[in-house]
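Below is one structure, written out as structure tokens; comments come after it.
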Amino acid sequence: MITLPSLSYSLGDLEPIISKEAMEFHRNKHHAGYVKNLNKLIEGTKYEDLELEEIIKKAKGPIFNNAAQIWNHTFYFEGIAPHPDGGDNSVTNEITEYLAEHFGSAQKFMDQFTDAGKKLFGSGWIWLIHEEGKGKILGYNNAETPLLTGDAIPLLTWDCWEHNYYIDHRNDRAAALEAFWKVVNWGKMTEHLENT
Ligand code: FE
């Protein structure tokens, strides 16, 4: 039985940057929906008692899609957080150093990531991963996940599926990406960086 991981914040806490309504749909309909679907699909199968990561590595088709979407969404939701002090989402020293080394500067990284997010065709995810000693921005289609990309260490992701931005921004994916930078949980990314 796979469960929906809880979040460290409430769904309305990201307002006004991400509306409560958008978060409620994203968490309660989509993220929770993948959990519900997956549990139905694995019932009575060899996947029933496996950890989520194991299911993702072994399964194909609908079981893979639902499992990977659970994992991707958990990473995404942990990668954002409210900044109740009025916008203190400044990057940590570790992140500034990392992004300068691999992308020239934090701003250049954000520009490249945003650009990749705007250009990804259809549904999928934009990831910053650390692989073979390098920071890389990669687009993944549909439910694809860096968990299957060699020894990649995922650092940050943004959800390019329309359900992530249509409620607040309609078809304006660029505006949603702009908003994303205001709620990035740089502290969480700093934790991921410790694994590089
Ligand atoms: Fe999503």
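Legend: calculated FRET efficiency, Glu54 to Lys182, from the Cβ-Cβ distance at R0 = 35 Å, rounded to 0.05, equals 0.50.
Once the Kirkwood radius over Cα pairs is known for the chain, the Stokes-Einstein relation at 25 °C and 0.890 mPa s delivers a diffusion coefficient of 142 µm²/s. Residue-wise HN-Hα couplings along region 166-173, as the Karplus relation 6.51 cos²θ - 1.76 cosθ + 1.60 with θ = phi - 60° gives them from phi, are 5, 5, 8, 10, 6, 8, 8, 4 Hz; Gly and Pro carry x. Cross-linked pairs Lys36/Lys60; Lys57/Lys108; Lys108/Lys134: Cα-Cα separations exceed 23 Å for Lys57/Lys108. Phi-derived couplings, Karplus 6.51 cos²θ - 1.76 cosθ + 1.60 at θ = phi - 60°, listed residue by residue for region 6-18: 7, 10, 7, 9, 8, 5, x, 5, 8, 5, x, 6, 10 Hz, with x used for Gly and Pro. Within the full protein context, the accessible area of His83 is estimated at about 50 Å² for a probe radius of 1.4 Å. The tail of the calculated P(r) for region 25-102 beyond 14 Å holds 69 percent of all Cα-Cα pairs. Of the residues Gly33, Gly104, Gly79, the one that moves most in a GNM of the chain with alpha-carbon contacts below 10 Å is Gly104. A Förster radius of 41 Å, combined with the Cβ-Cβ distance separating His30 from Lys136, puts the computed FRET efficiency at roughly 0.95. You can think of it this way: the chain between Ser123 and Thr190 has 21.4 nm of extra reach, that is 0.36 nm per residue less the Cα-Cα gap. Solvent-accessible surface of the chain, taken per residue with a 1.4 Å probe and all protein chains present: 51 Å².
By the helix-only formula, in which each DSSP H run with n ≥ 4 contributes -39500 (n - 2.57) and the sum is divided by residues, the chain has a 222 nm mean residue ellipticity of -13500 deg cm²/dmol.
Under 5 Å from the amide H of Asn185 lie the amide H atoms of Ile80, Ala81, each residue being 5 or more positions distant or on a separate chain, with H modelled from the backbone and absent for Pro and chain starts. Computed 3J(HN,Hα) for region 63-72, one whole-Hz value per residue from the Karplus formula 6.51 cos²θ - 1.76 cosθ + 1.60 where θ = phi - 60°, is 5, 4, 4, 5, 5, 5, 5, 4, 5, 4, glycine and proline marked x. Each of Ser10, Thr149, His30 was scored by the projection of its Cα onto the charge dipole of the chain, and the greatest displacement toward the positive side belongs to His30; charges sit on the C-beta of Lys, Arg, Asp and Glu.
The values are calculated or read from the model by the stated rules, or taken from the named source; none is laboratory data. Just so you know, these numbers come straight off a predicted model, no measurement behind them. Cβ: placed from backbone, ideal geometry, glycine included. Neighbour counts: every protein chain shown. Side chains included, ligands, DNA and RNA excluded: accessible areas come from the protein's heavy atoms. Shrake-Rupley method; radii C 1.70, N 1.55, O 1.52, S 1.80 Å.
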